[in-house]
Amino acid sequence: MGDVNLDNVVNIMDVVLVINHIKGTGNLTGTGLSAATVSGGNTPSITDVVLMINYLKGTAVLPSGGYILATTTNSTEIKLSPNGTKLGTVGANTSIKVIAKAGEQVNGVYWDLIVASNGMYGYINRNNWK
């Protein structure tokens, strides 16, 4: 995911291609279009651009494919990094796409990377979704 121009690396050129597609000055198709929808949507969006930029900055991971569709079980915080700065809160029963499940705990908690239905992207405590 994220390698829009299919050169086996995710870099700023991929971000530019997605932005151009969103603006209508470029046209992604096929595998490139699929690679651009890193947040799990059907068409590239600003959420995908932000995810890709955060990946390039080293503050996010990109999915290798597949998503888990889930729902928050209660009102919960979304954080910039595992156990890090609070970005915002989503309410109970909010639809989310789990992009990457954490393999290790941070301070006793699994922090999974998600995109909420409101477009908010970040990490959520695994105990707060099903």
Problem - Entirely in segment 75-122, the strands (runs of 3 or more DSSP E) that have 3 or more residues that are β-branched (Val, Ile, Thr) - result: 95-100
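For (1) among the aliphatic types (A, V, I, L, M); (2) surrounded by 13 or more Cβ atoms within 10 Å (Cβ to Cβ); (3) in contact with a His (Cβ under 8 Å, 6 or more places away or on another chain); (4) at pLDDT 90 or above, each residue gets a yes or a no:
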{"position": "Met1", "(1), (2), (3), (4)": "yes, yes, no, no"}
{"position": "Val15", "(1), (2), (3), (4)": "yes, yes, no, yes"}
{"position": "Gly24", "(1), (2), (3), (4)": "no, no, no, yes"}
{"position": "Asn27", "(1), (2), (3), (4)": "no, no, yes, yes"}
{"position": "Gly84", "(1), (2), (3), (4)": "no, yes, no, no"}
{"position": "Ser95", "(1), (2), (3), (4)": "no, yes, no, no"}
Practice task
Within segment 29-44, work out how many residues are surrounded by fewer than 19 Cβ atoms within 10 Å (Cβ to Cβ), under 19 Å from Val115 (Cα atoms) and of a type in the set (Ser, Thr, Tyr).
Solution key: 2
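The values are calculated or read from the model by the stated rules, or taken from the named source; none is laboratory data. Bear in mind the structure is a predicted one, so any value in this text is a computation, not a measurement. Please note: Cβ atoms are built from the backbone with ideal geometry, for glycine as well, and neighbour counts cover all protein chains shown.
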